[in-house]
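Colleague: Can you keep this structure in mind? I'll have questions shortly.
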Amino acid sequence: MMFKSILIANRGEIARRIIKSARRLGIKTYAVYSEADKHSMHTKEADVAVYIGYAESKKSYLNIKKVIDVAVKNKIEAIHPGYGFLSENYLFAKKVEASGVKFIGPNWKSIKAMGNKNNAKKIISSANIPLVNGFLVDKEKPVENKKKAKKIGFPVIAKAAAGGGGKGMRVAYNESDLQDSIEAVTREAQNSFKDEEVIIEKYIKGGKHIEIQIARDNHGNCIHLFERDCSSQRRYQKVLEEAPSLSIPKPTKIRMYKAAIDIANKINYQSLGTIEFIVDVQSQKEELPFFFLEMNTRLQVEHPVTEEILGMDLVELQINIALGKKLNIDNEKLIPCGHAIEARIYAEDPKNDFLPSPGVIQALYLPNEGRFDFGVRSGDHVSTFYDPMLGKVIVHSNDREEARTKLVSCLEELKVRGIKTNKDFLSYILNSEIFRTDIIQITDLDDLALKFKRLLPNPTDIVAATLVILNAEAQIKNKMWRLWGTGSANILLRQQEKSYAIKVNSSDGRKFQLNFGDEIALVENVFSSKKIISFDIDQRSVSFDFKAKDKTLSLYREGIKFVFENITNTYQGNKIDVQERKIVAPITGSIAKILVKNGQIVSKDEAVVFVEAMKMEYKLVAPQSGKVLGLKNKKGDLIEKGETLLEIE
């Protein structure tokens with residue numbers, strides 16, 4: 001027995017993931033879509049797509065009546081809510097069941113029981129599961145709230161009782177912070193969840209976020225599907241997830257498995273679910289303490305890593321439980337194989353406080369190896385109305401280090417053009433010491449994010465970029481690897497908001513001296529292929545991967561990509577002709593400052609004009625000593641790239 005048809009009450013990669021399993025099982029799929037998603041992938045892949053309303057979620061994907069009406073009108077047998085949107089809305093589940101349509105998930109009573117953190121804690125406490133010490137805020141008694149918080153001990157964290165997904169959380173480090181934190185969370189709770197209840201808990205800085213995947217059928221059979229480590233979080237939002245967790249001792253895991261199963265049995269759960277715990281890895285105790293955080297009564301975003309280590313289809317398992325089938329597996333026969341890591345790809349700008357980056361995806365290129373659960377393709381528009389997650393990259397290998405390096409390679413090959421993404425930040429995390437050594441804890445990414453935001457190329461990166469450009473220039477001029485003319489060249493590079501003026505000297509074409517800012521670099525034994533440049537600098541050998549196209553150069557160091565633009569032509573010091581003595585605008589912009597006037601004598605490398613473009617400023621210097629001629633611009637004038645600004649006679 002199998003459902004003949006299901007409606008997927010979701011969108012994007014979530015809907016595509018469910019369609020994939022349903023199609024394999026021979027189930028007819030119905031997709032719903034909003035005005036913004038009329039041309040999206042999930043509407044094209046479903047057997048039937050039904051328009052459900054305007055782009056705003058509350059007028060489409062969150063409109064309970066419209067979703068159920070589509071199912072009833074089309075005589076659809078079941079609704080799969082995916083994750084997000086209505087997946088943990090107990091009223092939705094209740095109304096679906098009342099309509100005669102099957103809800104692929106737990107019954108509404110289980111969703112309601114675990115949907116509120118305060119209610120969940122009451123249930124869990126009766127099952128003797130360890131809990132973080134806390135209390136429900138009484139907004140009419142701020143003095144009493146302070147007394148209770150002091151008794152727990154600062155720092156404490158204020159949480160929206162109905163919250164989830166990292167929203168509605170504020171840390172109060174002392175008594176004076178408490179009321180502001182409560183008020184801020186109250187506002188967020190009302191806006192995001194329409195529920196102003198707030199709880200206060202002891203704040204455990206750091207710790208490992210470990211979640212246990214469980215499955216329970218309608219006949220009382222319950223199993224765990226091992227654990228996932230979701231400690232790589234930024235502002236309590238998961239970024240990387242992996243399975244299994246190698247940093248938690250086996251005895252601690254066994255206790256957590258039992259606790260998760262006990263919770264599922266306590267509420268008579270019937271479906272897939274996830275029990276989330278925080279593990280105090282800083283504890284000096286032989287068996288690490290762990291505390292219940294929450295239960296997610298749905299499929300998780302990170303479910304693929306569990307599928308990869310077990311060779312299972314969790315959507316199929318959900319559907320079978322909804323059909324009333326007994327679990328045909330038990331924990332004695334389940335053995336995880338290898339290691340899996342998942343990276344969430346978001347349309348966001350890590351260099352600009354991770355603000356969303358909506359717009360048109362001009363091109364999307366997926367790597368040749370790995371699993372890709374994506375909801376977009378080239379040409380799609382990333383809307384401002386929905387979550388900015390584009391999709392997920394999942395890898396599976398024999399061990400954790402192999403999986404880590406495989407994921408780094410996948411992210412390097414992944415190309416998304418037209419919008420900004422977090423993929424370079426993900427590579428930065430994966431190559432960090434705390435991730436490689438598996439000691440990363442919940443709050444560590446916030447510090448890494450700040451470091452990444454300030455990350456600039458180091459002097460050796462700049463040297464490598466300069467040498468790649470010089471080599472390209474030499475090949476264009478049909479010369480061997482050497483400098484030309486007097487053995488002197490000037491390069492102007494731009495990298496994000498900063499420009500670098502580099503002067504290169506060589507007496508023999510084999511040894512080079514590069515000067516930029518306060519840096520002096522001595523280089524020799526340079527070798528360059530089409531993709532790699534290596535050299536000795538200050539008596540140490542280095543090597544870089546690179547990709548060059550036109551005036552743009554992508555340089556890679558430990559998975560981090562630095563994009564340089566060559567914004568000035570290399571020119572020689574003594575063979576000055578009419579073209580080479582001109583100073584031209586390297587970019588379209590405006591004149592920010594003029595330091596010279598016609599007839600003035602200037603020295604070689606003396607600053608003469610500053611150009612401003614896109615809030616960045618570029619210094620242009622004299623290519624030789626001489627007299628200024630042909631200056632016609634003034635401060636504020638608009639200029640075009642390639643326009644001659646002045647000459648040096």
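Colleague: Within region 58-87, count every residue that is touching a strand residue (DSSP E or B) at 6+ places or on another chain (Cβ under 7 Å), more than 19 Å from THR29 (Cα to Cα) and assigned to a loop (DSSP other than H, G, I, E, B). Can you show your working first?
Modeller: Residues of region 58-87 that are touching a strand residue (DSSP E or B) at 6+ places or on another chain (Cβ under 7 Å), as a first pass: 59-61, 63, 66-67, 70-71, 74, 76-80, 82.
Now restrict to residues that are more than 19 Å from THR29 (Cα to Cα): 59, 63.
Still in the list and also assigned to a loop (DSSP other than H, G, I, E, B): 63.
Selection size over region 58-87: 1.
Colleague: State yes or no: is LYS95 among the basic types (Lys, Arg), touching a Phe, Trp or Tyr at 6+ places or on another chain (Cβ under 9 Å), part of a helix (DSSP H, G or I) and at pLDDT below 90?
Modeller: So LYS95 fails the test.
Colleague: Count, please, the residues in region 138-147 that happen to be surrounded by fewer than 13 Cβ atoms within 10 Å (Cβ to Cβ) and assigned to a helix (DSSP H, G or I).
Modeller: Residues meeting the conditions: 3.
Colleague: When only residues in region 110-137 that are in contact with a helix residue (DSSP H, G or I) (Cβ under 6 Å, 6 or more places away or on another chain), open to solvent by 20 Å² or more (accessible area, probe 1.4 Å) and assigned to a loop (DSSP other than H, G, I, E, B) count, which is farthest from LYS258 (Cα to Cα)?
Modeller: ASN133
Colleague: Which is out of contact with any Asp or Glu (no Cβ under 7 Å at 6 or more places or on another chain), in a strand (DSSP E or B) and among the acidic types (Asp, Glu), of ASP545, ASP508?
Modeller: Just a single option satisfies the conditions, and that option is ASP545.
Colleague: Same structure again: Can you name the number of the only condition in (1) under 17 Å from THR274 (Cα atoms); (2) crowded, with 22+ Cβ neighbours inside 10 Å that GLU316 fails?
Modeller: (2)
Colleague: Right, next: Could you go through region 70-82 and let me know if any residue there is farther than 30 Å from LEU293 by Cα, open to solvent by less than 30 Å² (accessible area, probe 1.4 Å) and free of Cβ contacts under 8 Å to residues at least 40 places away in the same chain.
Modeller: no
Colleague: Just one of (1) touching a Phe, Trp or Tyr at 6+ places or on another chain (Cβ under 8 Å); (2) closer than 19 Å to PRO356 by Cβ; (3) not in a helix (DSSP H, G or I) trips up ILE442, so point out which.
Modeller: (2)
Colleague: Have a look at ALA189, ALA259 and point out the one that is small (Gly, Ala, Ser), open to solvent by less than 10 Å² (accessible area, probe 1.4 Å), part of a helix (DSSP H, G or I) and closer than 30 Å to ALA449 by Cα.
Modeller: The unique qualifying residue is ALA189.
Colleague: Here is a follow-up. Can we say ARG23 is open to solvent by less than 30 Å² (accessible area, probe 1.4 Å), at pLDDT 95 or above and assigned to a helix (DSSP H, G or I)?
Modeller: Here the answer is no, as ARG23 does not meet what is asked.
Colleague: Same structure, new question: Could you count how many residues in region 597-616 are among the β-branched types (Val, Ile, Thr), modelled with pLDDT of 90 or more and either within 37 Å of the chain's Cα centre (by Cα) or open to solvent by 10 Å² or more (accessible area, probe 1.4 Å) (or both)?
Modeller: Residues in region 597-616 being among the β-branched types (Val, Ile, Thr), modelled with pLDDT of 90 or more and either within 37 Å of the chain's Cα centre (by Cα) or open to solvent by 10 Å² or more (accessible area, probe 1.4 Å) (or both): 1 in total.
Colleague: While we're on this one: In region 373-389, which residues are under 29 Å from HIS339 (Cα atoms), modelled with pLDDT of 95 or more and open to solvent by 50 Å² or more (accessible area, probe 1.4 Å)?
Modeller: ARG377
Colleague: Residue by residue through region 509-529, note down the ones that are open to solvent by 30 Å² or more (accessible area, probe 1.4 Å) and out of contact with any helix residue (DSSP H, G or I) (no Cβ under 9 Å at 6 or more places or on another chain).
Modeller: Matches in region 509-529: ARG510, LYS511, GLN513, ASN515, ASP518, ILE520, LEU522, GLU524, ASN525, PHE527, SER529.
Colleague: Continuing with this model, one more query. Could you figure out which of (1) open to solvent by 20 Å² or more (accessible area, probe 1.4 Å); (2) over 29 Å from HIS42 (Cα atoms); (3) in a helix (DSSP H, G or I) isn't true of ALA449?
Modeller: (1)
Colleague: Which condition number does GLU348 fail, the rest of (1) over 17 Å from the mean Cα position of the chain (by Cα); (2) of a type in the set (D, E, K, R); (3) surrounded by 16 or more Cβ atoms within 10 Å (Cβ to Cβ) being met?
Modeller: (1)
The rows are residues; the columns are (1) without any contact (Cβ under 8 Å) to a residue 40 or more places away in the chain; (2) within 20 Å of ILE254 (Cβ to Cβ); (3) part of a strand (DSSP E or B).
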{"site": "PHE292", "(1), (2), (3)": "no, yes, yes"}
{"site": "LEU299", "(1), (2), (3)": "no, no, no"}
{"site": "PRO304", "(1), (2), (3)": "no, no, no"}
{"site": "ILE309", "(1), (2), (3)": "no, yes, no"}
{"site": "LYS333", "(1), (2), (3)": "yes, yes, no"}
{"site": "CYS337", "(1), (2), (3)": "yes, yes, no"}
{"site": "ILE341", "(1), (2), (3)": "no, no, yes"}
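Colleague: I would also like to ask the following. Which residue out of LYS392, LYS406 is of a type in the set (Lys, Arg), open to solvent by less than 50 Å² (accessible area, probe 1.4 Å) and in a strand (DSSP E or B)?
Modeller: None of the others qualify; the one that does is LYS392.
Colleague: Tell me which of these GLN284 doesn't satisfy, since it passes every other one: (1) touching a residue at least 40 places away in the same chain (Cβ under 8 Å); (2) farther than 26 Å from SER126 by Cα.
Modeller: All conditions pass for GLN284, except number (1).
Colleague: Does region 167-175 contain any residue that is surrounded by fewer than 17 Cβ atoms within 10 Å (Cβ to Cβ), under 32 Å from the mean Cα position of the chain (by Cα) and not polar (S, T, N, Q)?
Modeller: yes
Colleague: Another question about this same structure. Contact list please: Cβ distance under 7 Å, first residue in region 1-16 and more than 21 Å from LYS325 (Cβ to Cβ), second residue among the acidic types (Asp, Glu) and crowded, with 24+ Cβ neighbours inside 10 Å, pairs at least six apart or on different chains.
Modeller: So the pair list comes out as ARG11/ASP37.
Colleague: Let me ask something else. From VAL171, VAL198, VAL185, which residue is of a type in the set (A, V, I, L, M) and touching a Phe, Trp or Tyr at 6+ places or on another chain (Cβ under 8 Å)? Explain how you work it out, then say what you get.
Modeller: On the way: VAL198 fails: touching a Phe, Trp or Tyr at 6+ places or on another chain (Cβ under 8 Å); VAL185 fails: touching a Phe, Trp or Tyr at 6+ places or on another chain (Cβ under 8 Å).
None of the other options fit; the residue is VAL171.
Colleague: Quick one: GLY168 ticks every box in (1) out of contact with any Leu (no Cβ under 9 Å at 6 or more places or on another chain); (2) modelled with pLDDT of 80 or more; (3) not acidic (Asp, Glu) except a single one, so which number is it?
Modeller: Here GLY168 meets the rest and fails (2).
Colleague: Cβ-Cβ below 6 Å, separation at least six or inter-chain, first residue in region 148-162 and closer than 15 Å to LYS121 by Cα and open to solvent by less than 10 Å² (accessible area, probe 1.4 Å), second at pLDDT 90 or above and of a type in the set (Gly, Ala, Ser): which pairs?
Modeller: Close Cβ pairs (under 6 Å, with a partner that is at pLDDT 90 or above and of a type in the set (Gly, Ala, Ser)) do not exist here.
Colleague: If you check ILE335 against the conditions, is it surrounded by fewer than 21 Cβ atoms within 10 Å (Cβ to Cβ) and of a type in the set (Val, Ile, Thr)?
Modeller: Values: surrounded by fewer than 21 Cβ atoms within 10 Å (Cβ to Cβ): yes; of a type in the set (Val, Ile, Thr): yes.
Yes.
The values are calculated or read from the model by the stated rules, or taken from the named source; none is laboratory data. All of these numbers come straight from a predicted model, not from anything done at the bench. Neighbour counts run over all protein chains shown; Cβ positions are idealised from the backbone, glycine included. When the accessible area is computed, the model is the full protein with side chains, heavy atoms only, and any ligands, DNA or RNA have been set aside. Shrake-Rupley method; radii C 1.70, N 1.55, O 1.52, S 1.80 Å.
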